[in-house]
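*Asks:* Right, I'll just put the structure down here and ask away after.
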Amino acid sequence: GCQQKNPENAVLPDRTASKITIATQYGLGYAPLQIMEEKKLVEKYLPGVEVEWKQMGTGPEIREAMVAGQVDVGFMGISPFLIGWDKGVKWKIATASCSQPLALMTYKENIRSLKDFGVEDKIATPAVASIQHILLSMAAKRELGDARALDNNMISLTHPDAATALKAKKDIAAHFASPPYLFEELADPGLKKVLTGEEAFGGEYTFIFGVATEKFHDGNPAAYAAFIAAFNEAVAFINSQPEEAASILAPKYNLSPEKVYEYITWEGTNYCSTPYGIMAFARFMKEAGYIEKMPASISDIAFANVQAAIGKRYGEMSAIEKLQWGKGE
Amino acid sequence: MLELQEVVKVYLRENFRHEVLKGISFQVSQGEFFCILGPSGCGKTTLLRMIGGYEKVSGGRILLQGEEITGPGPDRIMVFQTFDQLFAWQTVRGNVEYPLKINGMARGERRERADFYIEMVGLKGYENYYPHQLSGGMKQRAALARALALQPQILLLDEPFASLDAQNREILQEELLRIWNSLKPTVIFVTHAVDEAIILADRILVMTEDGDIKMIVENKLQRPRRPGMPGFARMWDFLYEQVRSSRWQAEKRKN
Amino acid sequence: MLELQEVVKVYLRENFRHEVLKGISFQVSQGEFFCILGPSGCGKTTLLRMIGGYEKVSGGRILLQGEEITGPGPDRIMVFQTFDQLFAWQTVRGNVEYPLKINGMARGERRERADFYIEMVGLKGYENYYPHQLSGGMKQRAALARALALQPQILLLDEPFASLDAQNREILQEELLRIWNSLKPTVIFVTHAVDEAIILADRILVMTEDGDIKMIVENKLQRPRRPGMPGFARMWDFLYEQVRSSRWQAEKRKN
Amino acid sequence: MAKRMFANRLLSKLFWLLLLLLLWELISRSGIFEPTLFPPFSKILLVFWQELTDGLLLEKTCYSLQLILKGLFLSLAITVVLSFGAVSSRWVEDLVDVLNSILHPLPGIALLPVAILWFGIGETSILFIILHSVIWPMVVNLKTGFRSVPSIYLELGRSFGLKGIRLLGGVILPSSLPYFISGLKIGWARAWRAVIAAEMVFGAASGTAGGLGWHIYMTRYYFDIAGTFAALLAIVIIGILVEELFFNILEKMTIKKWGMV
Amino acid sequence: MAKRMFANRLLSKLFWLLLLLLLWELISRSGIFEPTLFPPFSKILLVFWQELTDGLLLEKTCYSLQLILKGLFLSLAITVVLSFGAVSSRWVEDLVDVLNSILHPLPGIALLPVAILWFGIGETSILFIILHSVIWPMVVNLKTGFRSVPSIYLELGRSFGLKGIRLLGGVILPSSLPYFISGLKIGWARAWRAVIAAEMVFGAASGTAGGLGWHIYMTRYYFDIAGTFAALLAIVIIGILVEELFFNILEKMTIKKWGMV
Ligand SMILES: Nc1ncnc2c1ncn2[C@@H]1O[C@H](COP(=O)(O)OP(=O)(O)OP(=O)(O)O)[C@@H](O)[C@H]1O
Ligand SMILES: Nc1ncnc2c1ncn2[C@@H]1O[C@H](COP(=O)(O)OP(=O)(O)OP(=O)(O)O)[C@@H](O)[C@H]1O
Ligand SMILES: [Mg+2]
Ligand SMILES: [Mg+2]
């Protein structure tokens, strides 16, 4: 983290005005937040702070709520964040949350790789600039030599609807799924994996980020620091005591603790507050025209604590910094 | 032939049965002009509606040519007492033509027939008016024209002339009798006016206020009838007295 | 005092102006019983509605105590010609009581007054009926009771007795005159029946079929009036002739 | 209109209901459709029963229902004011017409940015979405109803000295009650749809566990289609109860008794 | 009801419209609200104009409109059949009532699994969502309308020998036209809402570039709120045109001319 602030020497006005509103979406990708809420970790680092938890439907709503000043820290994918940043929203990445396995699933026997997709074989991704969409374009560039090769195959469908359509074998051939739909689809013997997210990206990448407004970061440093510290502790807790974490999380998801345990320890799942792959996504989105600006450096889009976790070596990039650019650089 | 056998009508209200008609029996033969006289609220409209098939009997039977009436039909056309019986979405001419059209009459013929009856009831010039643009009496006349134009076997007329001036009423009485003479439909005619009953009817049914038959009077006066003619005044006095006394008796019974 | 000055009423229809009333002027003094006679469709209802303030004049003025009428008011109550003037959601008693309640009468008093008038019009026992459960004549009587119970300065009655039997009509004529004698409201009474006009009115306005004044006749017969009394028949003949000729003239003018 | 032969309509409705459910069960069991997506009704019922007994469903239902009732009452008040304004004044009528043609076709979801900006992301925004869904169809119906009041009733009301709000309550509302009830029925159903949709967006934003809409979102997320249908079943059951107990009785006590329908 | 003094209502509506827009502009420019979420109307108009001139908006609007019209016509037919069945037969009425209380409150989004299962993810599913949105409010109104037909009209119709479908067309429909038009107005607005919502789900799934709903989704996703509002503006303009040109003229030619309102 950045300046490790003791609650005792926190600046006075901060302590009185300490309120933090955190918005998440639904799913186990946001598990550290439920741990934080349940174990009152923010309160631990900043006694007296008032934490408001909001669970919302999709990324754009969280983004709008942050722009409207209703939310201090929101969790979302890389694309909604970068699009907002590109449009001038004053916010930066405060932490990564997790990586999760993504995979392109199909029920068609004849499809084994991207080359096998015919003109009529539709692939569902959640939205045009979604991470799934971008990963697929990256893979198309690598395997087919053209980032736009699959553009006419791709259609937009939300995950539940795409999963439904895939199971019903109706109108679509493949679905670029994320958990828990991916788990569900992997369990279906009629479906098989064509491509994983890491294969597409060519390395590790972060799936979900915590984004904070600059207003919150600058105006309420104590609360910001408490949030980061608490988040890190929650991530550490999940990683070191997954069974206990699973039993805390289970009731919140209406699932059995065993199931939750299975999910949070699934191969490819990694709760980690250090981000991976952010610059590669930014570059790709810029190239594809989804955004107009390219961040000059990581510190343009991430707060100092993130920069600290990534590091910056003189002359060349640090090992983790390199990973932000993926294998493509 | 129309035959009512012990017809009873009961309305159920929250806590009690309102027995409107208590066992009415009479017969009307084909082509007869039959009048019903009776105080307001005695059940004349109800009776007519049951003959028309719009209302179920609560007891007894109504037979038409020996068969029980089960619902409305184009053999019996009723002119209702209320002013809202013209279709609001059709002009006067449209209203008169419509049932003819339904029954398959060709355009030209029905136009001609409609205009004939419209003129007869004195609504010439108002063919293209919508009902809401007519006066009360004009609405009633238009409804009458519509019914007459259909030339049904049985005409059920519920105080069709109540809202007409004496002059108009006289003319229409004459026209009605002319039509009746030439086509010989059975006419059942409800009226409050004793003189109207005498001028028009072959037989006159007088009802008591509590929904029973007081008497049926045969009207043997020579047609055409006029108020001043011999026997008219006597008949008038007699009927008037009957209606009045039926009312007082009912009142006494109530108290 | 009510004064009409050159009142004109025109309805605009798609392609032409229908001039219903063409410059009507007359005065009715406070407490007068004024009758309007005229053929169906001549504009009687329209005239009454304008006095009631429900309809705008197209020309001329209507003055009440020297002030122009701008809209309806509780000083003028109208009994309409149609059967749908009772509030469907109130019982007979509710209907009669409601305007009294609006005008701030205490519960007990208005109940008493309502019941008095309901009995007067012969609807005792029907207090709790809803309008759709009444016969046509009963609806009209209930509306009359409601209007009388309000005891307004001016009563506008549009053929209130048209759907009543002779007996009921006679009783209500008497009751109306009794009330008029004791409270002395101004009454403007539209009727088709010449004898009714003679029995009731101080003055009788005869209208032509095309919406003009034919004449205003002063009725100097001694009250109480009865059809058989001296002078009645002569007056009847005279008025009847006037109404008839006004109709024929109009017809001739049209052709 | 059509006269009924049997007094007890509930029986015949029950018959249809059971028939439909049977059909559902059969189609599902036939295996034509993927059974995880189209679970047999018996399974839905089982899930429903479990969730009902552990109190979860009841709690969520109450939460949503509470929002709906608030929304409906507010909508009702606003609708009456708008419609009455519209029939009283030409200017207000034109304003209401303009607002109606602008706002009625706009989906709540498209107004989210504004809703979030103005009302935040709590209950108020959900209420806003409900109001936006409920008010306009009710205004359309009530305005038509007010305009259809027979002019003779208005004339009588004015004659008796009624004006403004008293004319509204004494004459206009009772006389346009069939339209009003129709509008209320539509509003009730719309409120359900709106609350479900809004909760899916605002989720458990208000700090509580959320209502049925959020529950539907969650069950769908974890592919628990039977759970989704169990939540829908709760809505259906409440819908039928309200129809039979509230609307039918309301109609029997008013417009049917008065001979209006 | 209230008599109008000026014949030209359009003028006064225009006045209100301009006033509302001015208000929008002023509030937005005042900076009380975050301007990216609440862009000034002038900016929206600019975007609207750009998108209009480059043909994009027109194409998207036509696509959505085409879906709506299909949906409305289908719904109309189904509604009339259902409502007529309901007034003709006690059994059908009970079935329609049951269907209505089951389906009316269910949000389209909750029926998505079933819709996808049955109809896939193409236009048919969008149509299904539209029908589900439009049919029920229209059924509620039309059923009330049919039941409110004065019994004297039915009696006359039957007397003249009308039965079944001819009674429907000749008497019942014209007499319940105010309800019908109200229902149609609601249905029209609902169809818009439904098509927007459905397109957000099914996106450009049908292979074309998608309609306004998809456009709204995309602009929102790209945080182009002015673009979102420009799309809404297209809906509003069409709404006003249809209100003024279609509904007003329809009313003038029918229920107003007939003295029904
Ligand atoms: N739905 C109903 N419920 C209860 N009573 C009713 C209902 N309909 C009619 N009645 C009663 O039936 C009786 C007869 O009514 P009807 O209309 O037949 O009288 P009428 O002889 O035609 O009278 P009028 O000359 O006044 O028209 C009335 O006392 C009325 O109250
Ligand atoms: N909205 C309208 N448009 C055109 N003409 C109308 C309208 N309303 C009424 N009229 C006409 O006005 C004339 C007078 O109608 P009014 O109701 O005053 O007659 P009336 O004397 O009361 O007749 P009745 O004795 O039959 O009731 C009629 O010729 C009628 O056609
Ligand atoms: Mg009668
Ligand atoms: Mg009249």
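The values are calculated or read from the model by the stated rules, or taken from the named source; none is laboratory data. Quick caveat: nothing in here was measured; it's all calculated off a predicted structure. All Cβ positions, even for glycine, are placed from backbone atoms using ideal geometry, and neighbour counts span all protein chains on display. For the accessible areas, the whole protein counts, side chains as well, though only heavy atoms, and no ligand, DNA or RNA atoms are used. Shrake-Rupley method; radii C 1.70, N 1.55, O 1.52, S 1.80 Å.
*Asks:* Treating each Cα of the protein assembly as shown as an identical point scatterer and ignoring solvent, apply the Debye formula and state log10 I(q)/I(0) at q = 0.05, 0.08, 0.09 Å⁻¹.
*Replies:* Those come out to -0.50, -0.96, -1.12, one per q.
*Asks:* First measure r as the distance between the Cβ atoms of A:Glu120 and B:Ala106, then evaluate 1/(1 + (r/R0)^6) with R0 = 51 Å and state the FRET efficiency to the nearest 0.05.
*Replies:* 0.30
*Asks:* Note down the relative contact order for segment C:1-51 as a percent, whole number, built from C-alpha pairs under 8 angstrom at least six residues apart.
*Replies:* Reported relative contact order: 33 percent.
*Asks:* Please report the relative contact order for segment C:87-151, taking Cα pairs under 8 Å with a sequence separation of at least 6, and give it as a percent rounded to a whole number.
*Replies:* Once normalised by length, the contact order is 48 percent.
*Asks:* Which loop chymotrypsin sites (Phe, Trp or Tyr not before Pro) in segment B:1-61, with loop taken from DSSP, have no more than 12 other Cβ atoms within 10 angstrom of their Cβ?
*Replies:* Qualifying residues, ordered by number: none.
*Asks:* Counting only protein heavy atoms and a 1.4 Å probe, tell me what percentage of the protein assembly as shown's accessible area is made up of carbon and sulfur.
*Replies:* 58 percent
*Asks:* Accessible area lost on pairing C with B, both sides, 1.4 Å probe, Å² to nearest 100?
*Replies:* Roughly 3100 Å².
*Asks:* Right, something else. What is the spin-label model distance, in nm, from D:Ser30 to C:Lys56 if the labels are put 7 Å beyond Cα along the C-beta direction?
*Replies:* My value for the distance between the label points is 6.6 nm.
*Asks:* With +1 on each Lys and Arg Cβ and -1 on each Asp and Glu Cβ, how big is the dipole of the protein assembly as shown about its Cα centre, in debye rounded to the nearest 20?
*Replies:* It comes to approximately 3680 debye.
*Asks:* Still on this structure, please answer the following. Specify which residue in the list B:Gly73, B:Gly41, B:Val57 is farthest towards the positive end of the charge dipole of segment B:25-80, using unit charges on the beta carbon of Lys, Arg (+1) and Asp, Glu (-1), about the Cα centre.
*Replies:* The residue sitting most towards the positive pole is B:Gly41.
*Asks:* When only C-alpha pairs under 8 Å and at least 6 residues apart count, what is the relative contact order of segment E:1-124, in percent?
*Replies:* 9 percent
*Asks:* Something else now. Once Lys and Arg get +1 and Asp and Glu get -1 on their Cβ, which of A:Ala31, A:Leu166, C:Phe161 lies farthest toward the positive end of the dipole of the protein assembly as shown?
*Replies:* Of A:Ala31, A:Leu166, C:Phe161, it is C:Phe161.
*Asks:* Compare C:Arg111, C:Arg76, C:Arg13 in a GNM of chain C, Cα atoms joined below 10 Å, and give the one with the largest fluctuation.
*Replies:* Comparing C:Arg111, C:Arg76, C:Arg13 in a Gaussian network model of chain C, the most mobile one is C:Arg13.
*Asks:* Keeping all protein chains in the complex and leaving out DNA, RNA and ligands, what accessible area do you get for B:Ile199 with a 1.4 Å probe, in Å² to the nearest 10?
*Replies:* That residue has around 20 Å² of solvent-accessible surface.
*Asks:* If you don't mind, there's one more thing I want to ask. Residues with amide H under 5 Å of A:Thr21's amide H, sequence separation 5 or more or different chain, H placed in the peptide plane at 1.01 Å from N; which?
*Replies:* The answer is A:Glu52, A:Asp72, A:Val73.
*Asks:* Please report, in debye to the nearest 20, how large the charge dipole of chain C is about its Cα centre when each Lys and Arg carries +1 at its beta carbon and each Asp and Glu carries -1 there.
*Replies:* 80 debye
*Asks:* How high is the FRET efficiency from C:Asn15 to C:Lys220, r the C-beta distance, R0 45 Å, rounded to 0.05?
*Replies:* FRET efficiency, C:Asn15 to C:Lys220: 0.40.
*Asks:* Show me you know the interface measure: the accessible area buried between E and D, both chains summed, probe 1.4 Å, in Å² to the nearest 100.
*Replies:* 7500 Å²
*Asks:* Consider just the alpha-carbon atoms of chain A and return their Rg together with their Dmax, both in angstrom.
*Replies:* 19.9, 66
*Asks:* Quick one: Karplus J couplings for segment A:157-171, per residue in order, coefficients 6.51, -1.76, 1.60, θ = phi - 60°, nearest Hz, x for Gly and Pro?
*Replies:* 8, 5, 4, x, 5, 5, 4, 4, 5, 5, 5, 7, 6, 10, 6
*Asks:* To continue, here is another question. If all Cα-Cα distances of segment C:42-167 are sorted into 5 Å bins from 0 onward, what percent lands in each bin, rounded to whole numbers?
*Replies:* It works out to 2, 11, 20, 21, 18, 13, 8, 4, 1, 0, in whole percents.
*Asks:* To continue, here is another question. Can you pick out the pairs among B:Lys44/B:Lys124; B:Lys9/D:Lys256; D:Lys185/E:Lys252; B:Lys124/C:Lys56; A:Lys19/A:Lys215; C:Lys9/E:Lys256 whose Cα atoms lie more than 23 Å from each other?
*Replies:* B:Lys44/B:Lys124; D:Lys185/E:Lys252; B:Lys124/C:Lys56, as the Cα separations exceed 23 Å there.
*Asks:* Could you list, bin by bin from short to long, the percent of Cα-Cα pairs of segment E:1-84 in 5 Å steps?
*Replies:* For segment E:1-84, the binned pair fractions read 3, 11, 10, 10, 11, 15, 14, 14, 7, 3, 1 percent.
*Asks:* For peptide C:70-83, compute the average count of partner chain beta-carbon atoms within 10 Å of each residue's beta-carbon.
*Replies:* For peptide C:70-83, the averaged partner shielding equals 4.
*Asks:* Also: Would you tell me the mean number of C-beta atoms belonging to other protein chains that fall within 10 Å of each C-beta in E:244-253, as a whole number?
*Replies:* 1
*Asks:* Also, quick follow-up: Rg and Dmax of segment C:178-230 over Cα atoms: what are they, in angstrom?
*Replies:* That works out to 12.3, 37 Å for Rg and Dmax.
*Asks:* Give me, ordered by chain and number, the residues 5 or more places off C:Val8 or on other chains with an amide H under 5 Å from its own placed amide H.
*Replies:* C:Gly23, C:Ile24, C:Ser58, C:Gly59, C:Gly60
*Asks:* Roughly how many whole Å is it from the C-alpha centroid of segment B:72-105 to that of segment C:161-200?
*Replies:* If we compute the Cα centre of each part, the gap is 34 Å.
*Asks:* Separate question: Just counting partner chain Cβ atoms within 10 Å, what average do the residues of peptide D:214-224 show around their Cβ?
*Replies:* Mean number of neighbouring Cβ atoms from other chains: 6.
*Asks:* Applying the Karplus parametrisation 6.51 cos²θ - 1.76 cosθ + 1.60 with θ = phi - 60° to the phi angles of segment E:10-17, what ³J(HN,Hα) value in whole Hz is obtained for each residue in order, glycine and proline being reported as x?
*Replies:* Whole-Hz 3J(HN,Hα) from phi for segment E:10-17: 4, 4, 6, 5, 4, 4, 4, 4.
*Asks:* Once A and E are treated as a pair rather than alone, how much accessible area drops out, both sides summed, in Å² to 100, probe 1.4 Å?
*Replies:* Adding both sides of the contact gives about 2200 Å².
*Asks:* When the Cα centres of segment A:65-140 and segment E:18-95 are compared, how far apart do they sit, in Å?
*Replies:* If you average the Cα positions of each part, the centres end up 29 Å apart.
*Asks:* Then there's this: Any aspartates and glutamates with Cα under 16 Å of the A:Lys122 Cα? List them, leaving off those in the same chain fewer than 8 positions away.
*Replies:* By straight Cα distance, A:Lys122 reaches A:Glu109, A:Asp151, A:Asp161, A:Asp171, E:Glu123.
*Asks:* When you take every Cα atom in segment B:135-255, what is the radius of gyration, and what is Dmax, the widest Cα pair distance, in Å?
*Replies:* 15.5, 49
*Asks:* Continuing with the same structure: Whose amide H sits under 5 Å from the amide H of B:Glu32, counting only residues 5 or more places off or on another chain, with H placed in the peptide plane?
*Replies:* Answer set, sorted by chain and number: B:Val187.
*Asks:* Please build a GNM for chain C, connecting alpha carbons under 10 Å apart, and tell me which residue among C:Ile171, C:Ile51, C:Ile198 fluctuates the most.
*Replies:* C:Ile171
*Asks:* FRET efficiency for B:Met229 and B:Glu6, Cβ-Cβ distance as r, R0 = 35 Å, nearest 0.05?
*Replies:* Computed FRET efficiency for B:Met229 and B:Glu6: 0.40.
*Asks:* Tell me, what is the per residue accessible area of the protein assembly as shown in Å², probe radius 1.4 Å?
*Replies:* Heavy-atom SASA per residue in the protein assembly as shown reads 38 Å².
*Asks:* Moving on to the next point. Along the charge dipole of the protein assembly as shown, which of D:Val171, A:Ala212, E:Leu184 sits closest to the positive end, that is, farthest toward it, with unit charges on the beta carbon of Lys, Arg, Asp and Glu (+1, +1, -1, -1)?
*Replies:* Selected residue: D:Val171.
*Asks:* State the Cα centre-to-centre distance between segment D:165-185 and segment A:181-229 in whole Å.
*Replies:* Here the answer is 55 Å between Cα centres.
*Asks:* Remind me, what semi-axes does segment D:62-226 give for its equivalent ellipsoid, largest first in whole Å, using sqrt of 5 times each Cα gyration tensor eigenvalue?
*Replies:* 36, 16, 12
*Asks:* Stokes-Einstein D for segment C:87-151 at 37 °C, 0.692 mPa s, Kirkwood Rh over Cα pairs, in µm²/s?
*Replies:* 291 µm²/s
*Asks:* How far apart, in nanometres, would the label points at A:Arg112 and A:Asn239 be if each is projected 7 angstrom from Cα along the Cα-to-Cβ direction?
*Replies:* Result for the modelled spin labels: 3.8 nm.
*Asks:* For chain B, state the semi-axes of the equivalent ellipsoid (square roots of 5 times the eigenvalues of the alpha-carbon gyration tensor), sorted largest first and rounded to whole angstrom.
*Replies:* 30, 22, 18
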